[in-house]
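As C-alpha cells, the structure follows; a few thoughts come after it.
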Amino acid sequence: MYCVKVAEVNKMCRDVVEIVFDRDLRGYPGQFVMLNVFGYEEIPLSLSSPKSLTVKGVGKTTKALLNSKKGDVFGVRGPFGRPFSLPSVDEKVYLVAGGIGIAPLNYLYQTLKDEFEVIAIHGIRCKDEIMYDYPEIATDDGSAGFKGNAVELFLRIADFEEKMRVYSCGPKPMLLNLYKAMKKRNLLDCLEISLENYMKCGIGICGSCVTECGKRVCKDGPVFKGIDIIF
Amino acid sequence: MLEVVISDLKLENPVILASGILGSKWSSLAKVAEFSGAIVAKSVGLNSREGYKNPVVLNQECSIVNAVGLASPGAKEFSKELEKLFKVTNKPLIVSLFAQSSEEFSSLPNYFPFASAFELNLSCPHAEKLGMAIGVDEKAVKDCIKAVKEVTDKPVFAKLTPNVTDITKIGIAAEKGGADAVVAVNTFKAISIDVVSRKPVLSNVKGGLSGKAIKPLALRCVWDLYEVLDIPIIGCGGISNWKDVVEFILAGAIAVQVGSAFYESYRAVEGIVKGLNDYLSYTGEKIEELVGLAHGGV
Ligand SMILES: Cc1cc2nc3c(=O)[nH]c(=O)nc-3n(C[C@H](O)[C@H](O)[C@H](O)COP(=O)(O)OP(=O)(O)OC[C@H]3O[C@@H](n4cnc5c(N)ncnc54)[C@H](O)[C@@H]3O)c2cc1C
Ligand SMILES: Cc1cc2nc3c(=O)[nH]c(=O)nc-3n(C[C@H](O)[C@H](O)[C@H](O)COP(=O)(O)O)c2cc1C
Ligand code: FES
C-alpha cells in the first residue's frame, strides 16, 4: 500500500465526485485500485483517468468520499486487474455506460478519442445525473436525450454492418441486455465488459469475487471478453 | 511417480490447495482442482460468520498479511455449495472445519458426507476463541481430534499453528488424539503499519503472515515435527515452485499445500506439478523415497 494526496475534487452531479490525485497512479483503462479510506473501509474503484477516481455515494465509505477535499490522503493498493484491450484501427468504437459505470469508460474514452471514431453512450435515470458533456445521453424518464436505456439507444445508433468494438460497464441487468443483443448478432467477440463483483483481497486469493464460471473478477478481470463470460 | 498416499487418501500428485485460498465457491475450487492432487475448501463453522471489514488483506514484498476473519456461510449453506463440485471433479475434497469446542467440532462432519477427509483448523491466528485459540493448548487439540475421529471414518488432519513455543508438543498431542496427519503450518501472527496514517493497515489490526517470506520458518516446523511424529506431515507455507516442494519433502513432508502463490497465477499449481514431474523423471525416484532424506546423517 502507498499513499496518495488529493489535488482536486470535482462535483460531477448530485451524488458523484471526481477525485483527482497529485500523481499518476500508473494504470490502464479498465484497471481498478483498492482505495483505503482511513477510518472507513477499503473499496475497489476504477481509474477514471490516469490520476483520478469517480465515485458515487451509495454506502458508508463512498458517501464519506463525497466529502473529500484537497489535501486528503488515501491508501492505495494497485492498480490491479486486466485492462480493456485496444481496438483495431478499422473498428468503430462504442462505449455503453450505465450510471457510475461511466468511470472506467471515461478513461478509455480519453485514451481513444483522438485516434478512433468513438461513440459514447451514457444511460442514467434523469437529467440531474449527467456527468460528462461528450456522451449521447439516454434517460429513463426522458428528461434529457433519448428516452429509454443505454442499450436501447446503442441498438438504435449502432451500425452492425461495420467492424465494431463495444466496451461496457454498468449495472448487471444492463450488461445482460447488451450481452444478449450482441450474442444474437453473433458479435460476442467484439464485446468487452467490466464487472464489479464484491471484492476483498483484490489480488486473486480470497475468492470473494469469483464468478459462476470460476473466473476471478479482480485478477482475470474486471474486464472480460464477451466470449469468455457466461451470464 | 507423483502419487502419494496419506492415510486412506490417494493423491495423483502431492500438491494440495491450502484452505481459504479461492475456496469459498465451487467454481474456483473446480478450476484449481484441475491440476492439484487435492483441494481444501475454506474453513467452515457451524454458523455463519461475517468476517472482518476491509482491508482484510495486504500484499507486500514477498508476503501477504491477512485477517479475513473466518468469513463463512455456515455448515449447511456451504455444504450445498461444495456439493456442486462433484459434477465437475473427482479430486479428493478436504473440508476444513473450525469450532470453539470439541462438541462443536464433532457436530460438523455430518454436514459433509461427500468429503474425502477433514482438516481441523486449530491454527487461524486472528479469530477470537477459534483456530489458534484451541491450537496452542495440547489437551484441547487432542480432545478436538478425538471428538471428530469418533464421528467419522474419514481421515482427519490437524492444521497446526507455528505461533507456539514448541510445535512438536502440539504435533504429538494431535498424534495422540488420533490425527491421521498434521498440516504444518498456518500463518504467523503479524501486523503492518502505514507510515502516513500512522495506523495499522488491517481493520482487525493483527493478522497472519503467509507467502514466500515464511518458507524457511515453515520448513523448520516440518523438520522438527518429522523428528518426533510417526504420522505423515503435510507441509505448508510460502511454497511457490517445485524446488520449494522438494525442500519440504526432504525435510519430512509427504505432501504440501499451496496458498499465497495463487497471487502470482491461477496456474500456480500447474507449474509446480510439472516441475516436480520433470525433476523426478530426471532422478528416476518416487516422492515417497525422498521423504525426510535431509535428516540422514545430520
Ligand atoms: C472492480 C470494481 C470497480 C468499481 N469501480 C467503481 C467506480 O469507479 N466508482 C464507484 O462509485 N464505484 C465503483 N465500484 C463499486 C464500489 O466499490 C462500491 O460502491 C463500494 O464498495 C461501496 O462501498 P460503501 O461502503 O460505500 O457501501 P456499502 O454500504 O458497503 O454497500 C453498498 C453497495 O456496494 C456493494 N459493495 C460493498 N462493498 C463492496 C466491495 N468491496 N466491492 C464491490 N461492491 C461492494 C454492496 O454489495 C452494496 O450493494 C467498483 C467496484 C468494483 C468491484
Ligand atoms: C487470505 C487467506 C485466507 C486464509 N484462510 C484460511 C482458512 O480459512 N483456514 C485455514 O486453515 N487457513 C487459512 N489460511 C492459511 C493458508 O491456508 C496457509 O496455511 C498459509 O497461507 C500459508 O501458506 P502460503 O504461504 O502458501 O499461503 C488463509 C490464508 C490466506 C492468505
Ligand atoms: S477479491 Fe479476492 S479473489 Fe478477487
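Rounded to the nearest 500, the helix-only mean residue ellipticity at 222 nm of chain A stands at -5000 deg cm²/dmol, with each DSSP H run of n ≥ 4 adding -39,500 (n - 2.57).
Normalised by the residues of segment B:162-283, what does the relative contact order come to in percent, with Cα pairs under 8 Å and at least six apart?
24 percent
Expressed as a whole percent, the accessible surface of chain A that belongs to carbon and sulfur atoms is 49, based on a 1.4 Å probe.
Running a GNM on chain A with Cα contacts under 10 Å, which residue among A:Leu66, A:Leu155, A:Leu47 ends up with the highest mean-square fluctuation? Highest fluctuation among the options: A:Leu155. Other residues lying with their Cβ under 15 Å from the Cβ of B:Val196 contribute a combined charge of +1, Lys and Arg counting +1, Asp and Glu -1.
The protection proxy used here, the mean number of other Cβ atoms lying within 10 Å of each residue, ranks peptides B:178-190, A:215-227 as follows, highest first: B:178-190, A:215-227. Spatially, segment A:42-106 and segment A:9-24 are offset by 10 Å when compared through their Cα centroids. Expressed to the nearest 5 percent, the antiparallel share of DSSP beta bridges inside segment A:1-155 is 70 percent. Take every Cα pair under 8 Å whose residues are at least 6 apart in sequence, average their separation, divide by the length of segment B:78-216, and the relative contact order is 20 percent.
Summing charges over all other residues whose Cβ lies under 12 Å from the Cβ of B:Val164, with Lys and Arg as +1 and Asp and Glu as -1, gives -2. Of the trypsin sites (Lys or Arg not before Pro) found in segment A:92-171, those that fall in a DSSP loop while having at most 15 other beta-carbon atoms within 10 Å are A:Lys113, A:Arg125, A:Lys163. Anisotropy class assigned to segment A:92-194 is oblate, per the alpha carbon gyration tensor with a/c at or over the 1.5 cut-off and a/b no larger than b/c. For the cross-link pairs B:Lys42/B:Lys159; B:Lys42/B:Lys243; A:Lys172/A:Lys225, which exceed 19 Å when the distance is taken from alpha carbon to alpha carbon? Table pairs above 19 Å Cα-Cα are B:Lys42/B:Lys243. Counting, for every residue in A:29-36, the Cβ atoms of other protein chains within 10 Å of its Cβ and taking the mean gives 2.
Across segment B:59-99, the convex hull enclosing all Cα atoms gives 128 Å³ per residue. Only DSSP H runs of four or more residues enter the estimate; each adds -39500 (n - 2.57), and after division by the residues of chain B the mean residue ellipticity at 222 nm equals -9000 deg cm²/dmol. Annotation: aspartates and glutamates with alpha-carbon distance below 12 angstrom to B:Lys53 (same-chain offsets under eight excluded): A:Glu41, A:Glu42. Local charge for B:Asp8 was computed over the other residues whose Cβ lies under 9 Å away, with Lys and Arg +1 and Asp and Glu -1, and equals 0.
GNM remark for chain B: springs join alpha carbons under 10 Å apart, and the peak mean-square fluctuation among B:Gly211, B:Gly74, B:Gly23 falls on B:Gly74. Distance from the Cα centre of segment A:154-173 to that of segment B:176-198, in angstrom? That distance is 48 Å. Here chain B carries DSSP beta bridges of which approximately 40% are antiparallel, counting only pairs with both residues inside. Note on chain A: percent of Cα-Cα distances in each 5 Å bin, starting at 0 and stopping at the bin with the largest distance, equals 1, 7, 15, 19, 20, 17, 12, 6, 2, 0, 0.
As a quick test, which of the pairs A:Lys11/A:Lys127; B:Lys25/B:Lys189; A:Lys200/B:Lys274 have an alpha carbon distance above 24 angstrom in this structure? Among A:Lys11/A:Lys127; B:Lys25/B:Lys189; A:Lys200/B:Lys274, the Cα-Cα distance tops 24 Å for B:Lys25/B:Lys189; A:Lys200/B:Lys274. DSSP bridge analysis restricted to segment B:172-250 gives an antiparallel fraction near 65%, rounded to the nearest 5. For the chain pair B and A, buried accessible area totals roughly 2300 Å², probe 1.4 Å, rounded to the nearest 100.
According to the square roots a ≥ b ≥ c of the eigenvalues of the Cα gyration tensor, what is the shape class of segment A:2-80, taking rounded for a/c under 1.5, prolate for a/b larger than b/c otherwise, and oblate for the remainder? Rounded, since a/c falls under 1.5.
Is the protein assembly as shown best put as rounded, prolate or oblate by its Cα gyration tensor, with a ≥ b ≥ c the root eigenvalues, rounded for a/c under 1.5, and otherwise prolate when a/b is larger than b/c, oblate when not? Here the protein assembly as shown falls in the prolate category. Rg/Rh for segment B:1-114 stands at 0.99; both radii use Cα atoms, and Rh follows the Kirkwood definition.
Each label was represented as a point 7 Å from its Cα along the Cα-to-Cβ direction; for B:Ser265 and A:Asn186 these points are 3.6 nm apart. Applying a 4.7 Å Cβ-Cβ cutoff to chain A, the cysteines left without a disulfide-compatible partner are A:Cys3, A:Cys13, A:Cys126, A:Cys169, A:Cys190, A:Cys209, A:Cys213, A:Cys218.
Residues of A:208-217, mean number of Cβ from any other protein chain within 10 Å of their own Cβ, rounded to a whole number?
Per-residue shielding by partner chains comes out at 5.
Site pair A:Ile157 and B:Glu61 shows an inter-label distance of 4.8 nm when each label is modelled 7 Å from Cα along Cα→Cβ. GNM remark for chain B: springs join alpha carbons under 10 Å apart, and the peak mean-square fluctuation among B:Pro92, B:Pro14, B:Pro73 falls on B:Pro73.
As a length-normalised measure over Cα pairs under 8 Å and 6 or more apart, the relative contact order of chain A settles at 18 percent.
The values are calculated or read from the model by the stated rules, or taken from the named source; none is laboratory data. None of the values given here were measured: they were computed from a predicted structure. Positions of Cβ are generated from backbone atoms using ideal geometry, with glycine treated the same way; all protein chains shown enter the neighbour counts. When the accessible area is computed, the model is the full protein with side chains, heavy atoms only, and any ligands, DNA or RNA have been set aside. Shrake-Rupley method; radii C 1.70, N 1.55, O 1.52, S 1.80 Å.
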